[in-house]
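This report concerns only the one structure given below.
No value in this document is a laboratory result; all are computed from the given coordinates. Owing to the predicted nature of the structure, the values given are computational and were not obtained by experimental measurement. Cβ sites come from the backbone with ideal geometry, for glycine too, and all protein chains shown count toward neighbours.
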Amino acid sequence: MKRLLLSFFALTAALMLWAGEDDFGVWGEFTMEKEFNYNWSAGIESHFRTEMNSSCLDRWGVGLNAKYKVNKYLKFGVGIELLNDYTRSKIKNWSNAGWDIDTDEGIAIRQTGYRKTNSYFTPKFRFKFDILAGMKIGKWLRISLRERYRYARVGSVNVMRTKYRKTDVYTATDINNWQWALSDAGEWTSEMTDPKVEDAYSNHQLRSRLKLEMDKKRNPWHPFVSGEMFNNMSDGMDIYKIRASAGFGYDFNKHHSLSFAYIITFFHREIENDYGERLHATSVSYDIKF
């Protein structure tokens, strides 16, 4: 166990350096599942994620789920989840900032400013429905395809904003050639504005994941790779995110298992029309079955 944890922390440190200018986070998950019979099982799950090079908590949540196993090739699952999602602070420049010039006096006044919206957490409710199909090829390779429909309801929240303003005074050094020098640097002033209400909204999503996993009998190690597409059903099935994962799972016994993974997520950028924004993450998950 100690070796696994040391390997995980070493991998995390190495990936933080390799990520470069991309963002990096650490994900954690804990699940408990009870099997009632061959067909039915239910469980609870909790997770957290960090962002901004793991300097802040991105989100955390808890949920309930149930699964129905039709046969060894097909499963269905449903679940609900409550979570808090973090939104970073935003800065918007003052659109009315500009110059007030008096050429007769040789004085120019420049007003600048911006508005900062504080970071905040937003409550979310999510419902998911899974269809999981899989089969084993030979004695060691398992291929599975998961289609997940997800409905999310994002709650409204009051967001605090602060307005910043500054006035600088310039004097003309050469009025004919519009040359100016700063003569009086203003000081920043701040004023708390009325809270802005971020309205509640809903969205629908379809996630398609293909996974390849080594599943050899009596072997506790399970290396895997997977790829997943996130489709925004509320916006014409737009693929707004792509995720790739590679890692391994380890079964301590039939009740306890642990898995580690490296995950890279590509976000679609509207202006550039590419997937140039990336998030790297290392993930650790602990599962209990009884």
Quiz item: If we count every other residue with Cβ under 10 angstrom of residue 26's Cβ, Lys/Arg +1 and Asp/Glu -1, where does the sum land?
Solution: -1
Exercise. Divide by every residue of the chain the summed helix terms, -39500 (n - 2.57) for each DSSP H run of at least 4, and state the resulting mean residue ellipticity at 222 nm, rounded to the nearest 500 deg cm²/dmol.
Key: -2000 deg cm²/dmol
Practice problem: Kindly flag which residue pairs out of 90/241; 163/241; 217/241 have an alpha-carbon separation exceeding 27 Å in this structure. | Solution: 163/241; 217/241
Quiz item: When ranked by the protection proxy of mean other Cβ atoms within 10 Å per residue, highest first, what sequence do the peptides 239-246, 194-201 form?
Solution: 239-246, 194-201
Quiz item: Can you work out ³J(HN,Hα) from phi for every residue in segment 269-281, in order, using Karplus 6.51 cos²θ - 1.76 cosθ + 1.60 and θ = phi - 60°, giving whole Hz and x for Gly and Pro?
Solution: 9, 5, 5, 7, 6, 9, 10, x, 8, 10, 10, 9, 8
Practice problem: Of the listed values [x] 39; [y] 35; [z] 15, grab the one calculated as percent of Cα pairs over 36 Å apart from the structure here. | Solution: [y]
Quiz item: When only Cα pairs under 8 Å and 6 or more residues apart are kept, what is the percent relative contact order across segment 103-241?
Solution: 25
Quiz item: For the pair residue 34 and residue 133, how long in nm is the line joining their label points, each one 7 Å along Cα→Cβ?
Solution: 3.3
